[in-house]
Amino acid sequence: PSFSMHSSHRSWHRLDCPVCLDPLFKPLGFECGHAFCESCVDEVVKKDSSSGEELVNGRVETRVNCPVCRSKSLRSKLTRLPEVERLTKAMYPQSTKSRQKEIDDETERIVREVFSKYGQKQDCNVM
């Protein structure tokens, strides 16, 4: 897929995730050329009944369908798009910061929940 900046303003929609409609955050590219936020891909895998697992070369792989064109792919074959991520951060710095804060807040909430459920962190002695 082409993510060039030299086209008209209309091409900027390619920096938006077709699932959440926000600017791409930690974008992953499918083999078909469509790109999505990593968290949106994970949500699609959870909700799509045709997604699932299959055995590939002796390994269990997660199968996922592109939400736009329904082409089949393996989760491990999705490609990180660092250039698109840098461009999105430059074009939408506030959106990127707020998405990262949401993730940080959720991580902190989960850590607190685990610690409250299982007590304080114990030292782990590995010999």
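Quick notes on this structure:
- Cβ-Cβ contacts under 6 Å between residues 6 or more apart (or on different chains), taken from a first residue in segment 64-75 that is free of Cβ contacts under 8 Å to residues at least 40 places away in the same chain to a second residue that is open to solvent by 50 Å² or more (accessible area, probe 1.4 Å), are listed as V64/R75; N65/K72; C66/C32; C66/H34; C69/C32.
- The C-beta contact set for segment 22-51 (first residue of a type in the set (A, V, I, L, M), second residue part of a loop (DSSP other than H, G, I, E, B) and open to solvent by 60 Å² or more (accessible area, probe 1.4 Å), distance under 8 angstrom, 6+ apart or interchain) comprises A35/P1; V44/V19.
- Taken over segment 78-102, the criterion of being exposed (fewer than 13 other Cβ atoms within 10 Å of the Cβ) and in contact (Cβ under 8 Å) with a residue 12 or more places away in the chain is satisfied by T79, R80, E83.
- Among the strands (runs of 3 or more DSSP E) confined to segment 31-74, the ones with at least 1 residues that are surrounded by fewer than 13 Cβ atoms within 10 Å (Cβ to Cβ) and among the β-branched types (V, I, T) are located at 52-56, 59-65.
- Within segment 90-127, restricting attention to residues that are of a type in the set (A, V, I, L, M) and under 16 Å from D22 (Cβ atoms), the residue that is modelled with the highest pLDDT is A90.
The values are calculated or read from the model by the stated rules, or taken from the named source; none is laboratory data. Note that the structure is predicted; figures quoted are calculated from it, not measured. Reconstructed Cβ throughout: ideal geometry from the backbone, glycine too, with neighbour counts over all protein chains shown. Surface areas here come from the heavy atoms of the whole protein model, side chains and all, with no ligands, DNA or RNA. Shrake-Rupley method; radii C 1.70, N 1.55, O 1.52, S 1.80 Å.
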